[in-house]
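The values are calculated or read from the model by the stated rules, or taken from the named source; none is laboratory data. Keep in mind that this is a model prediction, so the values were computed, not measured. Every residue, glycine among them, receives a Cβ derived from its backbone with ideal geometry; neighbour counts consider all protein chains shown. The protein model used for the area step is the full one, side chains on, heavy atoms only, and it has no ligands, DNA or RNA in it. Shrake-Rupley method; radii C 1.70, N 1.55, O 1.52, S 1.80 Å.
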Amino acid sequence: MSSDEKSELVSVGYGSVDEEHAAMGLLIDRMREALEGEGGEAEFLRLLERLIQDTSVHFLSEQRLMRTHSYPDLQGHTRDH
């Protein structure tokens, strides 16, 4: 699956959120490449740590947007995260 196809799957139609989704998808691609021999375990672990950090920031960003726009299922979405 191409990066564009992956981005489309997680697109929510809100620019900054979609950009964060795309960036996390690229990190996952790079993690897979590292496991396939293009960087090794150390690179994979470095990328994993970055993905964890980026994901935490992303969830906070999404929740802030949802609160700002009175998203009706904020609690459910936060629980899903």
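Students sometimes get this wrong: rank Val10, Val57 by accessible area, probe 1.4 Å, all chains present, largest first.
Working: Val10 65, Val57 90 Å².
Solvent-accessible surface, decreasing: Val57, Val10.
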In nm, the gap between the two label points placed 7 Å beyond Cα toward Cβ at Leu35 and Ser56 is 2.3 nm
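Roll a 1.4 Å probe over the protein chains and send me the accessible area per residue for the chain in Å².
It amounts to 72 Å² per residue over the chain.
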For Ser11 and Leu48, calculate 0.36 nm times their separation in residues minus their Cα-Cα distance, and state this gained length in nm to one decimal. 11.1 nm
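Using the Kirkwood formula on the Cα atoms of the chain, what hydrodynamic radius do you get, in angstrom to one decimal? Don't jump to the answer; show the numbers that get you there.
Values: mean 1/r = 0.0721 Å⁻¹.
Result for the chain, one decimal place: 13.9 Å.
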Nitroxide proxy distance, nm - points 7 Å out along Cα→Cβ at Leu26 and Arg64: 2.1 nm
Inter-site label distance for Thr78 and Glu19 at 7 Å from Cα along Cβ, in nm: 2.6 nm
